[in-house]
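Below you'll find the structure, written out as C-alpha cells, and then a few comments.
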Amino acid sequence: MTVSKNTHRIDEDLVRVLPKSLAARELGTVSDREIARCFESWLAVGLSEKSATRYRASLSVFFGWCVRERLILANPVIGVRVPKQSVEPVEMLPFTEDELEAAYLRWKGENARLADILLVLGWTGLRWSEVRAVTVRDLMQVPTPGLVIRRAAPEGVGTKSTKGRRSRRVPLADRVLPIVLDLAEGRKPNDLLFTTDRGAQLHRTPVLRSVNWSTTSDGRRIHDLRHTAACLWLARGVDPGTVQAWMGHESIATTNLYLHFLGTSADSAGLEKLNFRHGVRPGCAEEV
C-alpha cells in the first residue's frame, strides 16, 4: 500500500513527538487516560490542534494494526479526541466547605429531603441532568462506596448518555454516604435514587423554589455545586487526573481551571514570603 509523502512524514514525526512516558509503556498497559495525557502534552508544548489531530490519526492507525495483529484487545485512541485549544472561561462561585454546611442548614429548614440531595451534589459534582437519571442500581459499595454515572436526563429531553458519552464512577464520601444509603432504603433497583418527597423525578424550578434558593444560596447557581465538589476534592489533595475522571471532564485543561481558581502551593508560599517581615513569620513570636 502506498501512502502520500505527507502521511509518511507525519508517521515518522510521531515517533519524535510521542511523550517518553507513553513510548516506554507496554502496549497492553496503554489506556485512554494515557492517550488523553499525550494529546494534552502536545498542546502544552505548542503543537497546534490541527497538527495534534493529524498525529492522533497516525497513532490510531498504529493501535488499529496492533488490534488486528492481536497484540492488544482494543484501540485506546478511539473515543479520545484532541481537546479544543480555546477553553471557554468557566464562571464559578463554589461554596467553601463551611459555606456549604451553612447553606445546607438553611435548605434543611425549607425541605429536608431536597437539602440532602443538594448536599450530595456539592460532594459528588454531578450535573443536574445526571442526578435526575441516577437509579438505585447505580449505587455501589464495593470496592468503595460510589455512584456509577451512566446516563443523563435533561429536562424536556428523554434519557440519554452522559455529556462525555462514557460512564464514570463518582465517590461517596462519609459526609454524604449515609444520606444516599437512606435514600436507597426500601427502593427497587430501577427506581430513581434522587426524588422529591412524593417520589417524583426532580425538576429544577420546583426544587429551587422549595428550598427558597434565591435567598438561601448566597447568589450561587445550582451548577456551582458541581464546581464546589471539584474545588473541595482538589483542596483536600486529590490529584487533578483523578478529579478529571470523577468530574467526567474530556480534557484535563477543564480540570486545571479549578486549580487556577484555587491557586497553588507556590501562591501560598509566595504569600507567606510577602507576610514575612522583620524576622517574624505569621503566627510566630518575634525572633531575637
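Considering only residues that are in a helix (DSSP H, G or I) and either farther than 17 Å from Pro178 by Cα or not aliphatic (A, V, I, L, M) (or both), which ones fall in the range 113-130? If the condition is that a residue be in a helix (DSSP H, G or I) and either farther than 17 Å from Pro178 by Cα or not aliphatic (A, V, I, L, M) (or both), then Arg113, Asp116, Gly122, Trp123, Thr124, Trp128, Ser129, Glu130 are the ones that fit. Of the residues that sit in the range 37-86 and are of a type in the set (Gly, Ala, Ser) and open to solvent by less than 20 Å² (accessible area, probe 1.4 Å), which one is farthest from Val15 (Cα to Cα)? Taking the candidates together, the pick is Gly64.
None of Gly283, Gly270, Gly263 is surrounded by fewer than 16 Cβ atoms within 10 Å (Cβ to Cβ), within 16 Å of Thr96 (Cβ to Cβ), at pLDDT below 90 and of a type in the set (Gly, Ala, Ser) except Gly263.
Filter the range 106-141 down to residues that are at pLDDT below 95 and open to solvent by less than 10 Å² (accessible area, probe 1.4 Å), then give me how many there are. Final tally of qualifying residues: 0. Restricted to the range 142-249, the set of helices (runs of 4 or more DSSP H) holding at least 1 residues that are open to solvent by 30 Å² or more (accessible area, probe 1.4 Å), among the basic types (Lys, Arg) and touching a residue at least 60 places away in the same chain (Cβ under 8 Å) comprises 204-210. Of all residues in the range 22-49, how many are more than 19 Å from Cys66 (Cα to Cα), without any contact (Cβ under 8 Å) to a residue 24 or more places away in the chain and in a helix (DSSP H, G or I)? Final tally of qualifying residues: 2.
The values are calculated or read from the model by the stated rules, or taken from the named source; none is laboratory data. All figures in this text were calculated on a predicted structure; none of them were measured in a lab. Heads up, the Cβs are rebuilt from the backbone with ideal geometry, glycines too, and the neighbour counts pull from every protein chain shown. Note: accessible area is taken over every heavy atom of the protein model, side chains too, but ligands, DNA and RNA are not part of it. Shrake-Rupley method; radii C 1.70, N 1.55, O 1.52, S 1.80 Å.
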